[in-house]
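Trainee: Dumping the structure here so I can ask a few things about it.
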Amino acid sequence: MGGKDIYENDIMELARAGSRPRYIDAPDGTATLDNPLCGDRVTIEMRRDKEGKIADIGHDVRGCALCQASAVALADTARGKSPVEINAALSALQKMLKDDHEHHEKAWPTLAAFRSVHGHKSRYECVLLPFRALLVAISEGEGGDASRP
Amino acid sequence: MAFDPARIREQFPILATRPMGRPLHYLDNAATAQIPQTVIDAITAHETTHRANVTRGVHALAEAATEAYEGARHIVARYMNATADSEVVFTYGTTSAINLAAHALGEGLGEGDEIVLSVAEHHANLVPWLMLRERKGVTLRFLPVTDEGRIDLSALNNLVRERCKVITLTHCSNVTGAITDFRPVVAAARAVGAKVLVDGAQMAPKGQFDASELGADLYAFSGHKVYGPNGIGVLWGRRDVLSAMPPFMGGGGMIRSVSLESVTYGDPPKRFEAGTPPIAQAVGLGAALNWVMSGYLDGAHKHMDRLTLRIIERLQGIPGARLVGPANMEERVGVVSFALDGLHPHDIAQILDRHGVAVRGGHHCAEPLMTRFGLTGTARASLAPYNTDEDVDALFEAIEDALRTFSGH
C-alpha cells in the first residue's frame, strides 16, 4: 500500500502532455508493449543520430496518467542519450520507485516526478512500460532480439 | 426483523480496520469478499486441533481431519442441493475447476467438434477453451453480448449445432452484473446432447441454489467469493457426467491401484482430487456456506439491490459517466462497472483509494468484453451484504475528487 498521493502537479503536467500521441518521421525502430495486468498498451518510436544516440522519440499511449506521464518523461530523458545511458535511466527509475532515493533524481531530474509513485507497487509497471518499450524499439532498430527487457 | 447491515458488519473484523488511517469502504467483493470471524475461527480451530492429512491416516488427528474435510463436502452439497456428496469435487478455485472440466470434457474431442461460450466470459472460462482449441483443434463459437451487457441468447439457435459438445457460460457476468437465463441454454444443449458447464463464481455468493434444477451438468465456484478462504473451489457435477470424465491431474489419492504397468482410477470425486487437498480451506468454505445459510442474510438481496440502484442512478447523473451493464435491477447483481470520460480506470481506482474506497479498475480478466464495448477497462464497484449507504456516499465523494483531479486533463 502506498502512502503518498501519486497525482502531484509534476505528474499531472506530464500526463496532460502525454495524453496526445506524438509520431515521428522515419523512425529507426518501433515497439508496442502491453501491460497484461491492465491491458494498457504503449507504442514508442525512436530515431537515432549518426552517433547512435536518440535523436527523437514518438509515443502513443493507451493507458493511465502515469503511463502517459512516463512517455513524456522518457522523451525528455532519452533524447541525446545512448542505449547504455537509457538502460541506466531505467535502472535508476526502478530503484527510485523501489527505494525512493534522492540520488537518482539528481542524476535524472525529469524522473523526479515519479518519486510520488514510491510505495504504490501495483503502479510501477505503468511508469516503466514506456522505458521498456524504448529499449525494445532500439533493439528492433538494431535488428536484435526484440524481446521484453 | 428488517435486514440490518450493521449486524453483518460486526462479524467481519477487517471492516473495523483503517488501512492507511482511512475508513474502509470495501467495494471489491466481486474480486474477493471479506471473511467473517466465524470462518476465521473454524479455520483456526481446525489448524490448531485437527491438522493432519486426510483419508489414509489411521491416527486420531487424521481421522478428525478427514471427517472435517468430508463434512465440508456435505455442507457444499447441501448448499447447492446436490443429490450426493460425491457430486462435489474440491478444487483450488473456479479457475482450476473449469480447467479440470475443459481438460476432461475435451479429452475425447477433436476437429469439427464445437464448444459454445460467450464474449462475456471471464478469462477463467475462456482461456482453458482456447488452450483446448490449440490442443485438439475444436471450434469455439461465441454468443455475442447486447448493448445492455447481457449474453445474447437469441443467437443460440444459430450457434448451437449438431457438433456442439459443450456450452459453457457465466451464470453472472463479473463485469456487467447481468444474470444469464439458463433455460434456453439448457434446452439448446439438450437438443444436441451437449454438456452445460456454468461458471458460478459471481452467482454462488447470492445464497443456496440448485445446480441440477438449473439444468447444469457441471457448476464451478470459488470459496473466496462466498466469504470463505481462497485456495478452495468447487466443481459440482451430475454423477453420470463426473463418472464419464477422465482424471485431470495424477497423484496420490485419486487412484484405485497403481503398478509399474498400469493405473486404475478411483471414483468421483476422489478421481479429481490428486494430491493433498486444501483441507483447512475446505473446512473454511464449509463454515462460510453454513454462515450464509444461517439466516443472517435474510433480506440482504433487497438491501443490496437498493444500494446497487443508488449507484446506477448517481452514475447516470454524472456527465461523461458510462454504465457498462443493465441500468435496472432486473436479473442483475450488485456488480456495477463504469467508465468516466477521459479518466483511466486505474487512475479512478487509485484516487478512490485516497478515500478508503476499494474498487477494481482494469479489464477484470474479460478483455474480449472490453473490446466489445470499445474500452480498455472500467472501474467496478461490487457489493456485499455488509455494504452500507455510507459506502455508496464515500464512493461518489471519491468519484467527485477523481473528476476534480483530472478536470482539464
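Trainee: Among the residues of the range B:362-387 satisfying the criterion of being touching a Lys or Arg at 6+ places or on another chain (Cβ under 7 Å) and not polar (S, T, N, Q), which is nearest to A:C67 (Cα to Cα)?
Mentor: The qualifying residue nearest to A:C67 (Cα to Cα) is B:H364.
Trainee: Another question about this same structure. Give the range B:58-90 a look and list any residue that's more than 30 Å from B:E213 (Cβ to Cβ), modelled with pLDDT of 95 or more and among the β-branched types (V, I, T), or say none.
Mentor: Answer for the range B:58-90, where residues must be more than 30 Å from B:E213 (Cβ to Cβ), modelled with pLDDT of 95 or more and among the β-branched types (V, I, T): just B:T66.
Trainee: Identify, from the list B:V116, B:V166, B:V89, B:V175, the residue that is in contact with a strand residue (DSSP E or B) (Cβ under 6 Å, 6 or more places away or on another chain), touching a residue at least 24 places away in the same chain (Cβ under 8 Å) and within 30 Å of B:L27 (Cβ to Cβ).
Mentor: On inspection, the qualifying residue turns out to be B:V175.
Trainee: Would you be able to say whether some residue in the range B:393-404 is outside any strand (DSSP E or B), in contact with a Phe, Trp or Tyr (Cβ under 9 Å, 6 or more places away or on another chain), surrounded by fewer than 24 Cβ atoms within 10 Å (Cβ to Cβ) and away from chain A (no Cβ under 14 Å)?
Mentor: The answer is no, given that none of the residues of the range B:393-404 is outside any strand (DSSP E or B), in contact with a Phe, Trp or Tyr (Cβ under 9 Å, 6 or more places away or on another chain), surrounded by fewer than 24 Cβ atoms within 10 Å (Cβ to Cβ) and away from chain A (no Cβ under 14 Å).
Trainee: Do the conditions hold for A:E51, that is, is it within 11 Å of another protein chain (Cβ to nearest Cβ) and either surrounded by fewer than 18 Cβ atoms within 10 Å (Cβ to Cβ) or in a loop (DSSP other than H, G, I, E, B) (or both)?
Mentor: no
Trainee: Hey, any hits in the range B:340-354 for a residue that's assigned to a strand (DSSP E or B) and either more than 12 Å from chain A (Cβ to nearest Cβ) or over 22 Å from the mean Cα position of the chain (by Cα) (or both)?
Mentor: Yes, the range B:340-354 contains a residue that is assigned to a strand (DSSP E or B) and either more than 12 Å from chain A (Cβ to nearest Cβ) or over 22 Å from the mean Cα position of the chain (by Cα) (or both).
Trainee: Which residues, counting only those in the range A:57-78, are out of contact with any helix residue (DSSP H, G or I) (no Cβ under 8 Å at 6 or more places or on another chain) and facing chain B (nearest Cβ under 8 Å)?
Mentor: Answer for the range A:57-78, where residues must be out of contact with any helix residue (DSSP H, G or I) (no Cβ under 8 Å at 6 or more places or on another chain) and facing chain B (nearest Cβ under 8 Å): just A:R62.
Trainee: Please work out which residue is nearest to B:A68 (Cα to Cα), limiting yourself to the range B:243-271 and to residues that are of a type in the set (D, E, K, R) and part of a loop (DSSP other than H, G, I, E, B).
Mentor: So the residue we want is B:D267.
Trainee: Is it true that some residue in the range A:40-50 is free of Cβ contacts under 8 Å to residues at least 24 places away in the same chain, touching a strand residue (DSSP E or B) at 6+ places or on another chain (Cβ under 9 Å) and farther than 22 Å from B:P345 by Cβ?
Mentor: Yes.
Conditions tested, residue by residue: (1) more than 28 Å from B:T180 (Cα to Cα); (2) without any contact (Cβ under 8 Å) to a residue 40 or more places away in the chain; (3) touching a Leu at 6+ places or on another chain (Cβ under 8 Å); (4) not small (G, A, S).
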site: B:S294; (1), (2), (3), (4): no, yes, no, no
site: B:D298; (1), (2), (3), (4): no, no, no, yes
site: B:T308; (1), (2), (3), (4): no, no, yes, yes
site: B:I311; (1), (2), (3), (4): no, no, yes, yes
site: B:L340; (1), (2), (3), (4): no, no, yes, yes
site: B:R354; (1), (2), (3), (4): yes, no, no, yes
site: B:G362; (1), (2), (3), (4): no, yes, yes, no
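Trainee: Another one. How many residues does the range B:8-44 contain that are farther than 22 Å from B:S222 by Cα, out of contact with any Leu (no Cβ under 7 Å at 6 or more places or on another chain) and modelled with pLDDT of 95 or more?
Mentor: 2
Trainee: Another one. Report whether or not B:S96 is in contact with a Pro (Cβ under 7 Å, 6 or more places away or on another chain) and outside any loop (DSSP other than H, G, I, E, B).
Mentor: no
Trainee: Now for a different question. Determine which single condition B:A274 fails, assuming it passes every other condition in (1) within 15 Å of B:Y69 (Cα to Cα); (2) in a loop (DSSP other than H, G, I, E, B); (3) in contact (Cβ under 8 Å) with a residue 40 or more places away in the chain; (4) in contact with a strand residue (DSSP E or B) (Cβ under 9 Å, 6 or more places away or on another chain).
Mentor: Among (1) within 15 Å of B:Y69 (Cα to Cα); (2) in a loop (DSSP other than H, G, I, E, B); (3) in contact (Cβ under 8 Å) with a residue 40 or more places away in the chain; (4) in contact with a strand residue (DSSP E or B) (Cβ under 9 Å, 6 or more places away or on another chain), the lone unmet condition for B:A274 is (3).
Trainee: Could you list all residues from the range B:362-390 that are surrounded by 24 or more Cβ atoms within 10 Å (Cβ to Cβ) and either within 11 Å of chain A (Cβ to nearest Cβ) or in contact with a strand residue (DSSP E or B) (Cβ under 6 Å, 6 or more places away or on another chain) (or both)?
Mentor: Within the range B:362-390, B:H364, B:A366, B:G377, B:T378, B:A379, B:R380, B:A381, B:S382 meet the criteria.
Trainee: Looking at (1) over 30 Å from B:P5 (Cβ atoms); (2) acidic (D, E); (3) surrounded by fewer than 16 Cβ atoms within 10 Å (Cβ to Cβ), which one does B:D298 not meet, given that it meets all the others?
Mentor: Here B:D298 meets the rest and fails (1).
Trainee: Inspect the range B:101-117 for any residue being assigned to a strand (DSSP E or B) and among the small types (G, A, S) and give the result as yes or no.
Mentor: No, there is no match, as no residue in the range B:101-117 is assigned to a strand (DSSP E or B) and among the small types (G, A, S).
Trainee: Which of the residues belonging to the range B:183-228 are assigned to a strand (DSSP E or B) and either of a type in the set (S, T, Y) or in contact with a Leu (Cβ under 8 Å, 6 or more places away or on another chain) (or both)?
Mentor: B:K195, B:V196, B:L197, B:V198, B:D199, B:L218, B:Y219, B:A220, B:S222
Trainee: Okay, next question. If we scan the range B:239-258, do we find a residue that is farther than 21 Å from B:V198 by Cα, out of contact with any Gly (no Cβ under 6 Å at 6 or more places or on another chain), surrounded by 18 or more Cβ atoms within 10 Å (Cβ to Cβ) and among the β-branched types (V, I, T)?
Mentor: No, that holds for no residue.
Trainee: Another one. Of all residues in the range A:10-43 being within 11 Å of another protein chain (Cβ to nearest Cβ) and assigned to a helix (DSSP H, G or I), which is surrounded by the fewest Cβ atoms within 10 Å (Cβ to Cβ)?
Mentor: Once the filter is applied, the top-ranked residue is A:E13.
Trainee: Okay, next question. Go through (1) within 14 Å of another protein chain (Cβ to nearest Cβ); (2) among the β-branched types (V, I, T); (3) outside any helix (DSSP H, G or I) for A:V127 and report which single condition fails.
Mentor: Of the numbered conditions (1) within 14 Å of another protein chain (Cβ to nearest Cβ); (2) among the β-branched types (V, I, T); (3) outside any helix (DSSP H, G or I), the odd one out for A:V127 is (3).
Trainee: Look through B:A72, B:A30, B:A45, B:A82 and report the one residue that is outside any loop (DSSP other than H, G, I, E, B), out of contact with any Lys or Arg (no Cβ under 6 Å at 6 or more places or on another chain) and buried (at least 17 other Cβ atoms within 10 Å of the Cβ).
Mentor: After ruling out the rest, the residue left standing is B:A72.
Trainee: Here is a list of conditions, (1) touching a residue at least 24 places away in the same chain (Cβ under 8 Å); (2) assigned to a loop (DSSP other than H, G, I, E, B), and B:G286 meets all of them except one; can you say which number that is?
Mentor: Of (1) touching a residue at least 24 places away in the same chain (Cβ under 8 Å); (2) assigned to a loop (DSSP other than H, G, I, E, B), only one is false for B:G286: (2).
The values are calculated or read from the model by the stated rules, or taken from the named source; none is laboratory data. Just so you know, these numbers come straight off a predicted model, no measurement behind them. Cβ sites come from the backbone with ideal geometry, for glycine too, and all protein chains shown count toward neighbours.
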